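This report refers to the structure that appears directly beneath it.
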């Protein structure tokens, strides 16, 4: 078996290859979009590794698998054969909705905006939420130039909602409480 090298030296001039062989600048919106999902996946891994996240560890692994699938779909150059990669099924959007509903059943009604924080695991869920939202914005920008599968947009949108509800759920599980935003009156 041939050895797999981490470095190819192909990016030394500021370009990278997409799946399918097309080369684009490393700051291309497509690279920004799937790179942000890669960053999100790393934060999900950190969140998953927290002892306080044990109750959601298996669903976080499932989510990481789907985020990686979305990354790979976004890394395909225009005209690439998508048959060689797994797809992101609509049932994964439904899975997120089910988990959101499950957690929401245990939470008090939301009456104010919340400040992130209270516990490390809660803060990590909020970081995942904000990175996810950034990825969503970049995917939308990419979709203005190139077609993006609708299921990817739906999944990433629902995923940021999932992380918001997860932050509240983990605050409840850790007894961290929630800090409401109280705007100062001027």
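Structural remarks
- For segment 105-137, filtered to residues that are farther than 12 Å from residue 47 by Cβ and touching a helix residue (DSSP H, G or I) at 6+ places or on another chain (Cβ under 6 Å), the residue that is surrounded by the most Cβ atoms within 10 Å (Cβ to Cβ) is 135.
- Selection status of residue 47, closer than 19 Å to residue 174 by Cα, part of a loop (DSSP other than H, G, I, E, B), touching a helix residue (DSSP H, G or I) at 6+ places or on another chain (Cβ under 8 Å) and in contact (Cβ under 8 Å) with a residue 24 or more places away in the chain: no
- Filter result for residue 60 (within 13 Å of residue 166 (Cβ to Cβ) and in contact (Cβ under 8 Å) with a residue 60 or more places away in the chain): no
- Of the residues examined, residue 172 is not one that is over 23 Å from residue 91 (Cα atoms) and buried (at least 17 other Cβ atoms within 10 Å of the Cβ).
- All of 121, 67 fail the test of being within 30 Å of residue 183 (Cα to Cα), assigned to a helix (DSSP H, G or I) and under 18 Å from the mean Cα position of the chain (by Cα), apart from 121.
- All conditions in (1) closer than 15 Å to residue 67 by Cα; (2) in a loop (DSSP other than H, G, I, E, B); (3) at pLDDT 95 or above hold for residue 148, with the sole exception of (3).
- Filter result for residue 160 (within 18 Å of the chain's Cα centre (by Cα), buried (at least 17 other Cβ atoms within 10 Å of the Cβ) and under 30 Å from residue 28 (Cα atoms)): yes
- Flag if residue 184 is more than 18 Å from the chain's Cα centre (by Cα) and surrounded by fewer than 16 Cβ atoms within 10 Å (Cβ to Cβ): yes
The values are calculated or read from the model by the stated rules, or taken from the named source; none is laboratory data. Every value quoted in this text rests on a predicted model; they were computed, and no experiment measured them. Using ideal geometry, Cβ is built from the backbone for each residue, glycine included, and neighbour counts are taken over all protein chains shown.
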